[in-house]
Amino acid sequence: MTLAIAGKTLFDADVGGEADEIGDALSDAMKLFNRLTLPFSQYLERLPLPATRRFNKARQRLDATIYRMIDERRKSGHDRGDLLSMLIQARDDEGDGKGMTDVQLRDESMTIFLAGHETTANALTWTWYLLSQNPVVEAKFHEEIDRVLGGRSPGFEDYPALRYTEMVFAESMRLYPPAWIIGRRALSDYRIGDYVAPARSILLMSQYIVHRNPNYFSDPLRFDPERWTPAEKEKRPQFSYFPFGGGPRLCIGEQFAWMEGVLVLAAVARRWRMRMVSGHPVELEPTVTLRPRHGMRMTIERR
């Protein structure tokens, strides 16, 4: 679902029929993330190892979709008012005045295309899991959706009224942030207490750890959307919660993700309830994003 949304809203392209193939390719690429971040990984990439071949095949599959969208748009010459049209029309005002090459367009589009659906899909998956385990919260969540929507499908105009749904989504990303760790490079020597991080050090900050800090969140392992009332939010320091990062490199898609997550939750929960399959294991798989290692098997019940 999130793949189709990203394809349509950002690139005005129908990629729903490719969802399984793209999802499999992305999963194969994700599995090699830890290896590719090791020292000397550039040499491992050149070896004809089975894992390397899988990664290259996955990359080629993802490239095929992105390059197809770029090629179709260039040939049509139409400005569809979406992200891809904006990227194609962009010009280097500080350089030679030219536009992006296909390779540059691929890099920009791939980043936003993959990040625009993978993270939201994870956030929604963990949200349905948490709702299935907390019937009191689920009942209040359904009450708001029924009251606001009155049985119809949600639209953009409903987003401001779905406040409790947004609180549910926020609390889900506190416990299971899709981006569970981020890095920043120190531009100069940086003091943290008694320790000085030398210039150019890479500092890693984990949302997963900070979001579960009892100094900021009482009973931190409890799923409690009431933490996100305006009054409760005011009590906490700014960066005690940063699912989309922070500072000048804040996630470019944050506002899009909030709206998409809330409206998708409302659209699905208007008619359906999720229930965990008995005995299904729930374990973390922290790679680039925080995935459930075994997926999230559920049965769907009509409300």
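The values are calculated or read from the model by the stated rules, or taken from the named source; none is laboratory data. What you are looking at is a predicted structure, and each value in this text was computed from that prediction instead of being measured. With ideal geometry, Cβ positions are generated from the backbone for all residues, glycine too; neighbour counts draw on all protein chains shown.
Observations on the structure shown:
- Sole exception among (1) in contact (Cβ under 8 Å) with a residue 60 or more places away in the chain; (2) touching a His at 6+ places or on another chain (Cβ under 9 Å) for L175, by number: (1)
- Selection within segment 244-303 - over 21 Å from the mean Cα position of the chain (by Cα), among the hydrophobic types (A, V, I, L, M, F, W, C) and in a loop (DSSP other than H, G, I, E, B): V277
- Residue match in segment 174-182 (condition: assigned to a helix (DSSP H, G or I), surrounded by 22 or more Cβ atoms within 10 Å (Cβ to Cβ) and not assigned by TED's automatic domain parsing to the domain that holds G116): yes
- Residue within segment 117-140 that is at pLDDT below 90 and crowded, with 18+ Cβ neighbours inside 10 Å present: yes
- Listed by first and then second residue, the pairs with beta-carbon distance under 7 Å, at least 6 apart or on different chains, first residue in segment 222-235 and touching a residue at least 60 places away in the same chain (Cβ under 8 Å) and in the same structural domain as V168 (by TED's automatic domain parsing), second loosely packed, with under 10 Cβ neighbours inside 10 Å and acidic (D, E), form an empty list.
- Contact map, segment 274-303: residues that are not assigned by TED's automatic domain parsing to the domain that holds E118 paired with residues that are assigned to a loop (DSSP other than H, G, I, E, B) and hydroxyl-bearing (S, T, Y), Cβ distance under 9 Å, separation 6+ or inter-chain. Pairs shown: L284/Y176; L290/Y176; P292/Y176.
- Cross-chain or 6+ apart pairs with Cβ under 7 Å, segment 51-71 first and within 14 Å of S109 (Cα to Cα) and in the same structural domain as A13 (by TED's automatic domain parsing), then loosely packed, with under 15 Cβ neighbours inside 10 Å and at pLDDT 85 or above: Y67/D102; I70/D102
- Hits in segment 247-281 - residues which are over 22 Å from P225 (Cβ atoms) and not charged (D, E, K, R): G247, P248, L250, I252, G253, V277, S278, G279, H280, P281
- Only one of the numbered conditions (1) basic (K, R); (2) in contact with a Phe, Trp or Tyr (Cβ under 9 Å, 6 or more places away or on another chain); (3) at pLDDT 85 or above is not met by R61, and that is (2).
- Pick from segment 156-173, criterion crowded, with 21+ Cβ neighbours inside 10 Å and among the hydrophobic types (A, V, I, L, M, F, W, C), ranking: farthest from T119 (Cα to Cα): L162
- The listed residues are Y159, Y208, and the only one of them that is farther than 29 Å from T287 by Cα and within 20 Å of the chain's Cα centre (by Cα) turns out to be Y159.
- Within segment 65-105, considering residues that are loosely packed, with under 12 Cβ neighbours inside 10 Å and in contact with a Gly (Cβ under 9 Å, 6 or more places away or on another chain), the one nearest to A6 (Cα to Cα): Q89
Yes/no matrix, rows are residues, columns are (1) of a type outside the set (D, E, K, R); (2) closer than 29 Å to A161 by Cα:
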| site | (1), (2) |
| --- | --- |
| I209 | yes, no |
| R212 | no, yes |
| E254 | no, yes |
| A269 | yes, yes |
| H280 | yes, no |
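- Residue match in segment 100-110 (condition: of a type in the set (G, A, S), touching a residue at least 24 places away in the same chain (Cβ under 8 Å) and closer than 19 Å to F223 by Cβ): no
- Any hit, segment 191-203, residues being of a type outside the set (D, E), closer than 23 Å to V136 by Cα, modelled with pLDDT of 95 or more and not assigned by TED's automatic domain parsing to the domain that holds H117: no
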